[in-house]
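S.K.: The structure that follows is given in the form of structure tokens.
The values are calculated or read from the model by the stated rules, or taken from the named source; none is laboratory data. All values derive from a computational prediction rather than experimental measurement. With ideal geometry, Cβ positions are generated from the backbone for all residues, glycine too; neighbour counts draw on all protein chains shown. In case anyone asks, the SASA skips ligands and DNA or RNA and just uses the protein heavy atoms, side chains included. Shrake-Rupley method; radii C 1.70, N 1.55, O 1.52, S 1.80 Å.
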Amino acid sequence: MPRFFILLPALLLGACTYHNARSSIVVVTDAKSVVENCTKLGEIDGQHGSQAIMTLDKTRDSVIARLKIAGAELGGTHVFAAAADIKWKGPDTSGTVYKCNS
């Protein structure tokens, strides 16, 4: 049992979300006009993959960070998502990835 308490912080740290250079340029927006002239690349979810196993942070900042990372992995520049609204309280963590030309 004591080993579990030693491993618990490592497990929780592994669940953290970190930006990289590609994801830091992705814009998350709830304004459809921002992405109306962009190319749609796909649908994503800002929910952590192991959410069913562990209760993880579903705060707006965490969801947006995961949306940015997933958007960057698809090669997008923008993500249209309800979580971009400052008043967002959940539970919708999905988004649509777009590639926009400047």
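S.K.: Within the set of pairs 6+ apart or on separate chains, which have a first residue in region 33-51 that is at pLDDT 95 or above, a second that is part of a strand (DSSP E or B) and open to solvent by 80 Å² or more (accessible area, probe 1.4 Å), and C-beta atoms under 9 Å apart?
M.R.: CYS38/LYS99; THR39/LYS99; LYS40/LYS99; LEU41/LYS99
S.K.: Pairs, please: C-beta under 6 Å, at least 6 apart or cross-chain, first residue over 20 Å from ASN101 (Cβ atoms) and in region 67-86, second part of a helix (DSSP H, G or I) and open to solvent by less than 20 Å² (accessible area, probe 1.4 Å)?
M.R.: Note: pairs meeting the criteria are ILE69/SER23; ALA81/LEU67; ALA83/VAL63.
S.K.: So, in region 92-102, how many residues would count as being over 15 Å from VAL34 (Cβ atoms) and either within 10 Å of the chain's Cα centre (by Cα) or touching a residue at least 12 places away in the same chain (Cβ under 8 Å) (or both)? Don't jump to the end; show me each part of the working.
M.R.: Restricting attention to region 92-102, the residues satisfying the condition of being over 15 Å from VAL34 (Cβ atoms) are 92-94.
Okay, now just the ones that are also either within 10 Å of the chain's Cα centre (by Cα) or touching a residue at least 12 places away in the same chain (Cβ under 8 Å) (or both), so 93-94.
Count: 2.
S.K.: Any chance region 86-98 includes a residue that's at positive phi, at pLDDT below 85 and not in a helix (DSSP H, G or I)?
M.R.: Filtering region 86-98 down to residues at positive phi leaves 90.
Subsequent filtering for residues that are at pLDDT below 85 retains 90.
Filter once more, so that each one left must be not in a helix (DSSP H, G or I): 90.
For region 86-98, residues at positive phi, at pLDDT below 85 and not in a helix (DSSP H, G or I): present.
S.K.: Which members of region 75-102 meet the condition of being open to solvent by 60 Å² or more (accessible area, probe 1.4 Å) and closer than 16 Å to GLN47 by Cβ?
M.R.: Selection gives LYS89, PRO91, ASP92.
S.K.: A further question on this structure: Residue under question is GLY71, and the condition is that it be modelled with pLDDT of 95 or more and in a strand (DSSP E or B); does it hold?
M.R.: Working: modelled with pLDDT of 95 or more: yes; in a strand (DSSP E or B): no.
No, not satisfied.
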